[in-house]
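What follows is a single structure, written as structure tokens, with notes after it.
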Amino acid sequence: MSAPADTLAVLKARFPRVAERASLDHPALDVPTTDLFAVLRALRDDHDFDLLSDLTAFDAGVDVSPRFHVVYHLLAIRRAAYVRVVVACESNDSPEVPSAVPLWPGANWHEREAFDMFGVRFAGHPDLRRILMWDEYPHFPLRKEFPLAGIDAPLPDAEVAAESGSRAAPAPMAGGPFVATPVDFNLTESEPRAKDESWTEKKEKPD
Amino acid sequence: MASEYSFPEAGARVARATAPEAPKGEFETEKMSLSMGPSHPSTHGVLRIQMELDGETVTRADPVVGYLHRGDEKIAENMTYNQFVPYTDRLDYLAPLANNMAHAIAVERLAKLDVPPRCQSIRVITAEMARISAHLLGLGAFGIDVGAWTVFLYTFNEREKLYKLFEELTGARFTTSYTRIGGVARDVPEGWTGRVDAFCDQFLPILEEILNLLTRNKIFMDRTVDVGVISRQDAIAYGLTGPNLRGSGVALDLRKDRPYSGYEQYEFDVPVGTKGDCYDRYLVRGEEMRQSVRIIKQAIAKFPDGPWYATEAKRIFAPPKDRILTSMEELIQNFMIVTEGPQMPAGEVYFEAENPKGALGFYIISRGGGVPWRLRIRGPSFCNLSVLPKVCVGALVSDVVSILGSLDFVMGECDR
């Protein structure tokens, strides 16, 4: 089920600032930015974790610090074990971590996506551009302050925008989203009409 | 019979086929930039490849993805786990049942919830049927890409039979939304497993026929053998998974190596390629379909009785409708699950399922309650496509078509 117990112990002995992270399944590590590259290289070269399965980021919340975290899931093909490496970005305004592209070329697109969605920069990335949104897009959609409906943005092609007079406008939510809040569930908060997204096609969006 | 069409004179055709004379002493060519897609027949969806060509040889390839981006991960943060099931249909929309299962298992890992054996069996059968259906489409489309139309007609005939079975089970042919957290939407209908078994029996000889159309086909082999070779090292470095990784000789199959949903009970082989070219990837997919049939037949042979959802998970799986309508406690239970979502503890899980295209991963961060704080989808096609800049360089433009067909990607899952 898990990596040999000594993987974590060996790493913790070698990098004193590495801490074990709470996890419901795979062994997980909290790693400081300065040790990240060395830890990843040690995992790849000394502990068989040869496949970078996934690289992503998450936003711990608008008021939380450190706010942005980058998460690596490595797979050791030989013994089919995963390990999770989490690094917290030191700066909340311009989050940055070292790039893993020198270790795994496959990290290239993942890091571009994390940059695209969260605005996390990867130092040393060969070509850090947006990947899913268009290059000129001004927002980072997976940040928690970004509304589900979206925000006004100019269309990627200025010529088309001028010709058609259209914009990338927020989606009409028609009363939604009909969901509970993830924590402290209470009906006043989860009731969609009490939320900011209460505007519809007919009712103007409040500023 | 007089023809209405006028054919050009032979001389005219000759004139068109003759290249203009090259200026004396100038053989070096200019590099040309060519954009393939986003709606090219061989880009299977909306992928664009910005290529730089030297003559007909690709010197640089830059895939442009994101045309199908719908913000699934953002959407997931704003709805309950069960509400997200229909969105998983639209990831790898050629195998929605497998996506449904991967999502359900990931969330169940969060709750440390085990589903009963019958539910596991149903999920395995449907996931393997989805695999056959997805590989059939991949094969048919690959055939068309390299000029073999017939295969497509055969494979679609078989997919139609699978769709009928999906429809009978889930009510939908395409977007099945069949799983619920802690179970499936409904039990299998009477006699359905028998019909799946009958499908498998008649499918095997047809599969041989389909594969015989390609395996020793001179044109097909010319287009695929030694084309688009991905070495073992590259496949691992770029995070390839599924048939594309196994085509390069790495025997990683999560059904075998990290069994979930009871895959450890079934006997099946994991085919691997030797060279990692387009032909190997084709062979691996062909064999995987045979193995899927093997798994389905074993699962049906020992199809367990008993409940088909986790009966004890009262805060996760809604009770049967007749009990909701007759008992107060179940009514409240159903109301809470529908409005607040299946209740999960706080924590993080990462689960990858061996889907037809590769390892579909879900990384879920929960802070408790029925809505994820963050739900990350690791689309195998996204990783598989990231190898294109490496593998296309040095290939001919027509090889790029072969390579795209053999990588068998789906943009719904790449762009999410």
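Of note:
- On inspection, B:A346 passes the criterion of being touching a Lys or Arg at 6+ places or on another chain (Cβ under 8 Å), assigned to a strand (DSSP E or B) and over 30 Å from B:I49 (Cβ atoms).
- Residue, surrounded by the most Cβ atoms within 10 Å (Cβ to Cβ), within the range A:50-68, restricted to residues that are facing chain B (nearest Cβ under 9 Å), part of a loop (DSSP other than H, G, I, E, B) and not aliphatic (A, V, I, L, M): A:D50
- Residues of the range A:6-33 that are in contact (Cβ under 8 Å) with a residue 12 or more places away in the chain and part of a helix (DSSP H, G or I): A:T7, A:L8, A:V10, A:L11, A:R14, A:T33.
- Taken together, the residues in the range B:230-254 that are in contact with a Ser or Thr (Cβ under 9 Å, 6 or more places away or on another chain) and more than 22 Å from A:P105 (Cβ to Cβ) amount to 1.
- Residue match in the range B:365-375 (condition: closer than 28 Å to B:R70 by Cα, among the aliphatic types (A, V, I, L, M), modelled with pLDDT of 90 or more and surrounded by fewer than 24 Cβ atoms within 10 Å (Cβ to Cβ)): yes
- Taken together, A:A28, A:A22 contain a single residue that is aliphatic (A, V, I, L, M) and surrounded by 18 or more Cβ atoms within 10 Å (Cβ to Cβ), which is A:A28.
- Of residues in the range B:248-294 being within 14 Å of chain A (Cβ to nearest Cβ) and part of a helix (DSSP H, G or I), the one surrounded by the fewest Cβ atoms within 10 Å (Cβ to Cβ): B:E264
- Selection from the range A:13-26 of residues that are over 19 Å from A:L103 (Cβ atoms) and more than 11 Å from chain B (Cβ to nearest Cβ): A:A13, A:P16, A:R17, A:A19, A:E20
The rows are residues; the columns are (1) within 24 Å of B:T215 (Cβ to Cβ); (2) under 17 Å from the mean Cα position of the chain (by Cα); (3) in contact (Cβ under 8 Å) with a residue 40 or more places away in the chain.
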residue	(1), (2), (3)
B:I105	no, no, yes
B:T126	no, yes, yes
B:R131	yes, yes, yes
B:V146	yes, no, yes
B:T150	yes, no, yes
B:R159	yes, yes, no
B:L162	yes, yes, no
B:T170	no, no, yes
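- Considering residues of the range B:49-91 that are touching a Ser or Thr at 6+ places or on another chain (Cβ under 6 Å) and outside any helix (DSSP H, G or I) only, the residue nearest to B:A104 (Cα to Cα): B:Q50
- The single condition among (1) within 16 Å of B:N355 (Cα to Cα); (2) modelled with pLDDT under 90; (3) not polar (S, T, N, Q) that B:E330 does not satisfy is (1).
- Extreme residue, surrounded by the most Cβ atoms within 10 Å (Cβ to Cβ), among residues of the range A:80-131 that are in a loop (DSSP other than H, G, I, E, B) and of a type in the set (D, E): A:E90
Yes/no per residue for (1) of a type in the set (D, E, K, R); (2) in contact with a strand residue (DSSP E or B) (Cβ under 6 Å, 6 or more places away or on another chain); (3) within 12 Å of another protein chain (Cβ to nearest Cβ):
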position	(1), (2), (3)
B:F362	no, yes, yes
B:G370	no, no, yes
B:R376	yes, yes, yes
B:K390	yes, no, yes
B:V397	no, no, no
B:L407	no, no, no
B:G412	no, no, no
B:R416	yes, yes, yes
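- The condition (being more than 19 Å from B:G183 (Cα to Cα) and of a type in the set (D, E)) is satisfied by just one residue among B:E312, B:E288: B:E288.
- Residue check, B:A313 of a type in the set (A, V, I, L, M, F, W, C), part of a loop (DSSP other than H, G, I, E, B), surrounded by fewer than 24 Cβ atoms within 10 Å (Cβ to Cβ) and in contact with a Leu (Cβ under 6 Å, 6 or more places away or on another chain): yes
- Considering only residues in the range A:35-65 that are within 19 Å of the chain's Cα centre (by Cα) and farther than 14 Å from A:R143 by Cβ, the one that is modelled with the lowest pLDDT turns out to be A:S65.
- Residues in the range B:361-377 include at least one that is over 27 Å from B:R118 (Cα atoms), in a strand (DSSP E or B) and free of Cβ contacts under 8 Å to residues at least 24 places away in the same chain.
- Hey, B:G341 at pLDDT 85 or above, within 22 Å of B:K74 (Cβ to Cβ) and within 12 Å of another protein chain (Cβ to nearest Cβ) or not: no
- Residues in the range B:205-234 that are among the small types (G, A, S) and crowded, with 17+ Cβ neighbours inside 10 Å: B:G228 only.
- Candidates are the residues of the range B:273-293 that are in contact with an Asp or Glu (Cβ under 9 Å, 6 or more places away or on another chain) and without any contact (Cβ under 8 Å) to a residue 40 or more places away in the chain; the one that is farthest from B:F220 (Cα to Cα) is B:Q291.
- Considering B:P38, B:P116, B:P63, the condition of being at negative phi and more than 14 Å from every other protein chain (Cβ to nearest Cβ) is satisfied by B:P116 alone.
- Pairing each residue of the range A:149-163 that is closer than 16 Å to B:G71 by Cα and part of a loop (DSSP other than H, G, I, E, B) with any residue that is of a type outside the set (G, A, S) and at pLDDT 80 or above, provided the two are 6+ apart or on different chains, yields C-beta distances under 6 Å for A:I151/A:H139.
- Looking only at the range B:378-395, and only at residues there that are of a type outside the set (S, T, Y) and not in a helix (DSSP H, G or I), the one that is surrounded by the most Cβ atoms within 10 Å (Cβ to Cβ): B:G379
- Test: residue in the range A:40-49 that is of a type in the set (K, R), buried (at least 17 other Cβ atoms within 10 Å of the Cβ), more than 9 Å from every other protein chain (Cβ to nearest Cβ) and farther than 25 Å from B:F382 by Cα: no
The values are calculated or read from the model by the stated rules, or taken from the named source; none is laboratory data. All of these numbers come straight from a predicted model, not from anything done at the bench. Because the Cβ atoms are built from the backbone with ideal geometry, glycine has one as well, and the counts that use them run over all protein chains shown.
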